[in-house]
1. Can you order the peptides 80-89, 171-180, 192-201 by their average number of other Cβ atoms within 10 Å per residue, highest first?
2. Hey, how many Å between the Cα centroid of the stretch 118-162 and the Cα centroid of the stretch 1-17?
3. Give the shape of the stretch 163-245 as rounded, prolate or oblate, defined through the alpha-carbon gyration tensor: a ≥ b ≥ c are the square roots of its eigenvalues, a/c under 1.5 means rounded, and otherwise the shape is prolate if a/b is larger than b/c and oblate if not.
4. Of the beta bridges DSSP finds with both residues in the chain, what % are antiparallel, to the nearest 5?
5. Evaluate E = 1/(1 + (r/R0)^6) for residue 2 and residue 125, where r is the Cβ-Cβ distance and R0 equals 30 Å; express this FRET efficiency to the nearest 0.05.
6. Hey, rough spin-label estimate for residue 157 and residue 68, points 7 angstrom out along Cα→Cβ, what's it come to in nanometres?
7. Can you bin the chain into rounded, prolate or oblate? Criterion: square roots of the alpha carbon gyration tensor eigenvalues sorted a ≥ b ≥ c, rounded for a/c under 1.5, prolate for a/b above b/c, oblate for the rest.
8. Please report 7, 115 as a ranked list, fewest other C-beta atoms within 10 angstrom at the top and most at the bottom.
């Protein structure tokens, strides 16, 4: 029998799930040939609670989300974090620099008391995670590759080198040479350096490599007359959870 797959969203924009729907016709047919999708609010009305693999988008930012996630974890044989919010906390964790009362008041004003919130966190801060599809949004190619790996019982491969490696392979000019700051030297690769190739810089949406070379990053900053504070500000956009946690 085909493994039953379900998609769930927590605090997020749901863009990662929408990106799954951007699979090409052939890729989508290959996926449907290997699995049975039993719950996917963005795509189907079916909502079964019997599933083998759960894909989770979004961070946890309310107490009520915790038991829901724990229930999903209990049911799923394999749980996959999908996208920056689920994997590392993402932009939702920016509010963790405030008190929760300040965050609620900033968003809801006089109606703040009607809502609840807790410091945002990635899902592995609440339940064990078996695999990750990183990025903002999670890319369709990585999603398809991971599903295929799971179907043949293979552990999904995750790059453990920095984005700089992919940047050099793409033939990009280092953004530091262009007077910009970038956290590609300590960010996990796998995106093909898509942002830098597109004329921007790396914002760290894939999280840190397992063993970031902090000394190398400091040497780069010193070479270009930059301060750690300038990079830390960019680091906060996606990686506030790991920063505040430390």
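Please treat every number below as a calculation from the coordinates, not as lab data. The structure presented is a predicted model; accordingly, all values stated were derived computationally and were not measured. Positions of Cβ are generated from backbone atoms using ideal geometry, with glycine treated the same way; all protein chains shown enter the neighbour counts.
1. On the way: 80-89: 29.9, 171-180: 13.1, 192-201: 15.9.
Those peptides, ordered most packed to least, come out 80-89, 192-201, 171-180.
2. 12
3. On the way: a/c = 1.57, a/b = 1.16, b/c = 1.35.
Verdict is oblate for the stretch 163-245.
4. Values: 6 of 22 bridges.
The antiparallel fraction comes to roughly 25 percent.
5. On the way: r = 31 Å, r/R0 = 1.05.
Once rounded, the FRET efficiency stands at 0.45.
6. For the pair residue 157/residue 68, the computed spacing is 3.6 nm.
7. Values: a/c = 2.14, a/b = 1.23, b/c = 1.74.
Oblate, since a/c reaches 1.5 and b/c is not below a/b.
8. Numbers: 7 24, 115 11.
In order of increasing Cβ crowding within 10 Å: 115, 7.
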